[in-house]
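Below is one structure, written out as structure tokens, with a few remarks after it.
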Amino acid sequence: MNNHLLTLLLGLTLLPAALRANDIPRPKGPEEDGTLPALVKIAGEGAMDSHAFEYLTELSDEVGARVTGTPSGQKAIDWGLLKMKSIGLQNVRAEKWPLWKGWTRGKAEAELLAPIRHALTIDAMGWTGSTPAGGVEAEVVTANLFDLDDEIPHAAKFRGKIILMSPRGNPKKSFDAIFAQFGDFLRAAHQAGALAVIGGQGGFKAEGMHLTHTGILGFAADFAIPVVDMTREDDSQLERFIDAGKTVRVRMNVQNTFTNGPVESANVVGEIPGREHPEEVFVVGAHLDSWDLSEGATDNGTGTSSVLAAADAIVKSGFQPRRTIRFVLFTGEEQGLLGSLAYTKQHENEMKNHLGDLVLDLGQGPIKEFQLGGRGDLLPAFELFLGALANLREIQVSDKTDVGTDTLPFTLAGLPGINLDQDSPDYKYTNHSAADALEAVKPEVLTQNATIMALAAFWIADRPERLASPWPAEKTAKMLRQKGEYDTLKAFGLWPFGELGAESAATN
Ligand SMILES: [Zn+2]
């Protein structure tokens with residue numbers, strides 16, 4: 001038993017019975033808190049007159065790929081504004097924020113020259129550089145992704161070579177820590193004169209089915225060296241040749257373009273104002289931006305269309321919540337949660353009036369769990385809410401944290417960043433790949449997800465008691481340390497709490 005639990009148990013047994021009962025008010029679910037009639041109407045609108053799949057089809061086919069800071073990214077912002085207005089949201093606006101640097105994909109071609117000859121399939125990772133015009137031809141050598149501590153000081157051996165990242169042995173660190181250190185390795189390799197790196201997302205191999213997966217290699221991080229993802233099938237063959245002692249030679253031509261300076265992006269925002277406490281705000285969000293190997297239907301067209309369809313169902317229900325529901329389509333998520341980080345910064349003075357945020361960003365599958373972002377205090381209330389949804393779908397609840405999507409900035413602000421975990425077994429193939437297309441999404445699953453999002457948003461904003469207020473920084477810092485998020489956040493420069501919470505977390 002840990003000390004914390006022991007103190008808690010001893011403390012409770014010493015309390016008088018009356019105080020114990022009143023200490024935490026018993027939460028109420030929709031059956032008792034007066035929200036049920038509105039939820040019934042919203043569920044009907046969401047199930048019988050949903051526009052979720054129509055929105056997703058438009059976004060996929062009329063807007064398509066929408067990388068932050070590009071003209072197609074702007075087209076998506078304009079589309080989002082138009083949709084929010086036509087749904088009937090109020091105060092619809094674009095909240096601009098600057099992206100540190102823009103990037104555009106050019107060609108990425110590779111050919112295996114020895115020991116046998118054939119075309120290789122590669123794609124550039126986002127915000128990485130180019131080979132000289134016309135490409136390079138070089139020997140391919142491996143670097144051990146699981147021993148970057150040893151590879152970085154010996155980077156000189158990679159001069160004039162193409163590096164193939166190869167995870168060998170057992171990892172000595174968490175995958176997040178390896179991902180963070182991979183950036184240091186890329187800088188060292190570039191400085192040493194390496195020509196290119198084959199190393200997909202954080203140096204890990206692609207998922208198979210002859211797909212490549214693009215993506216960023218840090219939070220707001222760009223790299224001068226070309227870094228490409230290669231299909232697992234090609235990548236593994238190169239590795240087999242090298243392991244067999246054969247010399248592998250590859251020709252590679254990668255051309256990308258960076259802008260000279262910052263470019264503009266914007267979060268798309270619209271509201272259903274609260275009828276009693278309009279100044280109190282619950283955010284319902286997803287990221288509008290995508291990668292560019294396909295149309296971004298599952299990352300995060302599903303989230304975007306769910307947010308819009310949830311707004312539509314609530315507006316059409318005719319019920320107005322007690323507090324404001326603010327629908328936000330964030331941009332720059334793929335470059336490191338930049339839009340949602342900009343949002344909490346721009347609304348800093350208003351964060352004390354926020355209740356939290358709710359985000360869907362895990363692909364195309366049905367919602368399976370509400371993850372409350374470290375706010376274990378809210379579990380009893382959500383158990384009652386999800387109990388009321390039992391006839392729609394059985395959904396779990398936990399206080400897990402997710403630092404990989406737009407919940408994180410709200411969690412850092414001390415609020416519940418609520419992540420909708422999904423059962424998406426195919427997402428590992430569609431994520432950031434050429435297969436991220438409308439074909440991967442089932443209309444009935446999307447429609448039900450959007451309805452569940454609408455029900456959660458309305459219930460949270462309308463229940464008589466305010467769901468949550470921001471925790472003090474120390475309490476949040478302690479919680480994140482206990483959840484094991486400190487090392488990752490620190491490694492990516494996202495830990496804002498200094499030494500806060502260190503002592504109390506260590507004694508637990
Ligand atoms: Zn995403």
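The values are calculated or read from the model by the stated rules, or taken from the named source; none is laboratory data. Note that the structure is predicted; figures quoted are calculated from it, not measured. Note that we place each Cβ from the backbone using ideal geometry, even for glycine, and neighbour counts take in every protein chain shown. Calculation scope for accessible area: heavy atoms of the full protein, side chains included, ligands and nucleic acids excluded. Shrake-Rupley method; radii C 1.70, N 1.55, O 1.52, S 1.80 Å.
Here are a few things to note about the model shown:
- Taking a straight Cα-Cα cut-off under 18 Å and skipping sequence neighbours fewer than 8 places away in the same chain, the lysines within cross-link reach of Lys41 are Lys316.
- Antiparallel bridges, percent of DSSP beta bridges restricted to the chain (to nearest 5): 55 percent
- Apportionment of accessible area to carbon and sulfur, segment 331-408, percent (1.4 Å): 49 percent
- Under-5 Å amide H pairs with Ser265, H placed in peptide plane, nonlocal only: Trp97, Leu99
- Between the helical axis of 443-462 and the longest alpha-carbon principal axis of the chain there is an angle of about 50 degrees.
- The residues of segment 384-508 expose on average 40 square angstrom of accessible surface per residue, using a 1.4 Å probe on protein heavy atoms.
- Per the Debye formula on identical point scatterers at the alpha carbon atoms of segment 111-238, with no solvent, log10 I(q)/I(0) at q = 0.15 Å⁻¹ is -0.64.
- Relative protection proxy for 131-139, 307-315, 181-189, 448-456, from highest mean packing down: 307-315, 448-456, 181-189, 131-139 (other beta-carbon atoms within 10 angstrom).
- A simple spin-label model places the labels of Asp149 and Glu348 3.8 nm from each other, with each point 7 Å out along Cα-to-Cβ.
- Counted charge near Leu288, where neighbours are those whose Cβ lies closer than 9 Å (Asp, Glu -1; Lys, Arg +1): -1
- Helical mean residue ellipticity (222 nm; -39500 (n - 2.57) per DSSP H run of 4+; nearest 500) of the chain: -10500 deg cm²/dmol
- For the chain, the longest principal axis of the Cα atoms and the long axis of helix 473-482 meet at an angle of about 60 degrees.
- Sequence-distant residues sharing a close amide H with Leu358 (under 5 Å, placed H): Val283, Val284, Gly285, Ile418
- Each principal axis of the Cα atoms in segment 222-283 has its own extent, and those three values, largest first, are 73, 30, 13 angstrom.
- Under 13 Å, Cβ to Cβ, from Ile42 - net charge with Lys/Arg +1 and Asp/Glu -1: -2
- Counting only residues at least eight positions apart within a chain, or on another chain, the lysines with an alpha carbon under 17 Å from that of Lys75 are Lys83, Lys85, Lys96.
- If you sort the three axes of the alpha carbon gyration tensor as a ≥ b ≥ c, you get a/c of 1.5 or more for segment 380-508 and a/b no higher than b/c, which makes it oblate.
- Descending semi-axes in whole angstrom, ellipsoid equivalent of the chain, from the Cα gyration tensor: 42, 28, 19
- Relative compactness, segment 364-409, computed as alpha-carbon Rg over 2.2 N^0.38 Å: 1.20
- Using alpha-carbon coordinates, inclination of helix 3-14 to the longest axis of the chain, degrees: 0 degrees
- Semi-axes of the equivalent ellipsoid for segment 226-381, computed as √(5λ) from the eigenvalues of its C-alpha gyration tensor and ordered from largest down, come to 42, 19, 15 Å.
- Virtual paramagnetic centre 7 Å along Cα→Cβ of Arg466, amide N under 19 Å, in segment 377-405: 377-379, 381-382
- Cross-link pairs Lys107/Lys157; Lys101/Lys246; Lys101/Lys475; Lys205/Lys400 - those with Cα-Cα distance over 30 Å: Lys101/Lys246; Lys101/Lys475
- Cross-link reach is defined here as a Cα-Cα straight distance under 17 Å, omitting same-chain residues fewer than 8 places apart; for Lys478 the aspartates and glutamates meeting it are Asp377, Asp399, Asp402, Asp487, Glu499, Glu503.
- Each residue of segment 226-234 was assigned a 3J(HN,Hα) from its phi angle through the Karplus curve 6.51 cos²θ - 1.76 cosθ + 1.60 (θ = phi - 60°); the sequence is x, 10, 10, 9, 10, 4, 4, 5, 5 Hz, with glycine and proline shown as x.
- In order along segment 277-286, the phi-based Karplus estimate (6.51 cos²θ - 1.76 cosθ + 1.60, θ = phi - 60°) of 3J(HN,Hα) comes to 10, x, 6, 8, 10, 10, 9, 10, x, 6 Hz; Gly and Pro are listed as x.
- Formal net charge of residues neighbouring Leu384 (Cβ-Cβ distance under 12 Å; K, R +1; D, E -1): -1
- Backbone amide hydrogens, once placed in the peptide plane, bring Ile122 within less than 5 Å of Ala110, excluding anything fewer than 5 places away on its chain.
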